[in-house]
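For reference, the structure discussed in these notes is given below.
The values are calculated or read from the model by the stated rules, or taken from the named source; none is laboratory data. Being a predicted model, the structure only gives us computed values, none of them experimental. Every residue, glycine as well, gets a Cβ built from its backbone with ideal geometry; the counts of neighbours run over all protein chains shown.
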Amino acid sequence: MKKLYTILLCSCTAIGIQAQEKYRVTYDYSTEEIGYYHLDKYNKVDDTLAKPRFKKNSLVEVKLTNVNPFAVDIVTDVKEEEIHETSGGFNFGSLLGGISSFSGGGLQMNVDNLPDQGLFSEGFASRGEGLSNKFTELNSLSSNVDAIKSTLMSNLLNPNMNKEAIMNNVKQAANQVSDARLSDPNANFYMFLASLDQVVKEDSQDIASDINALSKDLDNQAITKTELSRGELHAQNTAYSDLKNLLKSINESSMQTSQNINKIKELYTTLEASSFEQTYDYLIEADKVNIELKFVQSEFADENDLDNEQNTLKERNLKLFSKGGFKINTSIALTLNNFGDNSKDFYIDEDGYIGEDINDNFAPNLSTMINFYPVLGENFNVGGSFGLSIPITNDLKGVNFLLGPSFFIGSKNRLAFSGGVAYGPVNKLTNGLEVGEQTEIFDIDNYTKSVYDFGYYFGISFSLFDIK
């Protein structure tokens, strides 16, 4: 028996799970396009919806695409209840917080600070000319690194750039670096950065070696020339100072360029691993749902934005409408009740015979109705009503019970038309008296009583509020 209960329970659970419909609503930040889709049990799109109405208590997946997480944060608001976030991802605030120092300019070495070549021996004078060319080439590499950095930063801060466009633009900037020793950035961008860093270090070491060689040549010149004029001594000291400053500059520039390359690699790695899609799950239970999407500048964008004028980039609303479900609401109604032949007034005529008048007219009643109906549409539904009514006229007393079908017009301020069975008090003779017989009594009211009997009613009612 326990096994049977277990099988039945599992079957009911499986049926309940399969019965829940699944939908997807997509919004593309770049193109502003909104799409509505129905999903199968494998979460695959099996139908595109033109004017969607989602089945109540179904799961709606809200998917936002091409949203640059480096530039944009999303603030959501739902009227009925909080949305469930499923999107995970990277904490860009922590990963990218240290990149603000990345926006500064790189160090450029001043070639004009090279000492006068006349101070060196004949063999080292040509090395000074070559050193100037090496400085120029290294400065060009540093400028190219700055250009790649600026391209990457500006693209990341642009909320209208998608992931693919950013990566393509960065690789195009990298392709502008012309050096046979560098690998192809389109083939492997990380290998390109590694080779670029290696070239910078090798060129820096080569320049540093030349500077050290020039310093030693100055020392040898000082040894061979025992007597130096004041001008020669000043020029030599200046040359020493310039070479020392150049060596310091090359070390700092090489270090800064290597740091920039590492930052490019770090940021590109984060970009490559980032998702430009945000997904939320929402269980639709209300008749209408308005999901407000507010796209604001991200923390990373705020830290690197110079003007800080525009915080909210744009706002969009996704309106969802549901179908199905069951509604219960109350209303105040004006009804016309009629009990036909069952409602009578008794009297005694001049000859002492008991007579009757049939009250087959409609009596106005003030009623309170409880309406119930399955939701078929927004402005027209068919269901039923149950209510209590009290006659407005003074000659009728008692509470009537009403039950019958109704149809409802409108959404917020619903108007209901109903009709059906009325169950209320009517007069009956007592003590065995019957209509048409002669009697000696004078007051027939003492020999009547109120009993409940069936009739019918028609009414119109106005909704007050929903019972949630």
Practice item. Considering each of Gln108, Gln18 in turn, give the residue that is modelled with pLDDT under 90 and surrounded by 10 or more Cβ atoms within 10 Å (Cβ to Cβ). Key: Gln108
Exercise for review: Sort out which residues of segment 36-71 are free of Cβ contacts under 8 Å to residues at least 60 places away in the same chain and surrounded by 15 or more Cβ atoms within 10 Å (Cβ to Cβ), and write them in order of number.
Suggested key: Tyr36, Tyr37, His38, Leu39
Check your understanding: Out of Glu32, Glu82, which single residue is at pLDDT 90 or above and either crowded, with 19+ Cβ neighbours inside 10 Å or assigned to a loop (DSSP other than H, G, I, E, B) (or both)?
Key -> Glu32
Revision key, fill the gap. Only unsatisfied item for Ser11, checking (1) under 27 Å from Ala165 (Cα atoms); (2) of a type in the set (Ser, Thr, Tyr); (3) at pLDDT below 85, is (1)
**Study point:** Criterion violated by Asn338 - all others in (1) at pLDDT below 85; (2) at negative phi satisfied
**Key:** (1)
**Study point:** segment 424-468, residues that are at pLDDT below 80, charged (D, E, K, R) and under 60 Å from the mean Cα position of the chain (by Cα)
**Key:** Asp466, Lys468
Practice item. Filter segment 31-62 down to residues that are touching a strand residue (DSSP E or B) at 6+ places or on another chain (Cβ under 8 Å) and hydroxyl-bearing (Ser, Thr, Tyr), then give me how many there are. Key: 4
Review point. Among the residues of segment 358-386 satisfying the criterion of being at pLDDT below 85 and not in a strand (DSSP E or B), which is farthest from the chain's Cα centre (by Cα)?
Key: Asn359
Check your understanding: Condition test on Pro374, is it in contact with a Pro (Cβ under 8 Å, 6 or more places away or on another chain), free of Cβ contacts under 8 Å to residues at least 60 places away in the same chain and either over 30 Å from Asn57 (Cα atoms) or assigned by TED's automatic domain parsing to the domain that holds Leu396 (or both)?
Key -> no
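Conditions (1) over 30 Å from Thr312 (Cβ atoms); (2) surrounded by 13 or more Cβ atoms within 10 Å (Cβ to Cβ), marked per residue:
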residue: Lys163; (1), (2): no, yes
residue: Arg181; (1), (2): yes, no
residue: Pro185; (1), (2): yes, yes
residue: Tyr190; (1), (2): yes, yes
residue: Val199; (1), (2): yes, yes
Review point. Can you name the condition, by its number, that Asn359 falls short on among (1) touching a residue at least 24 places away in the same chain (Cβ under 8 Å); (2) touching a Ser or Thr at 6+ places or on another chain (Cβ under 6 Å)?
Key: (1)
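The rows are residues; the columns are (1) closer than 22 Å to Ile354 by Cα; (2) in a loop (DSSP other than H, G, I, E, B); (3) free of Cβ contacts under 8 Å to residues at least 12 places away in the same chain.
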site	(1), (2), (3)
Leu388	no, no, no
Asp395	yes, yes, yes
Gly398	no, yes, no
Leu403	no, no, no
Ser411	no, yes, no
Gly420	no, no, no
Lys428	yes, no, no
Leu433	yes, yes, no
Gly455	no, no, no
Check your understanding: Any residue in segment 347-357 that is exposed (fewer than 12 other Cβ atoms within 10 Å of the Cβ) and within 30 Å of Ala50 (Cα to Cα)?
Key -> no
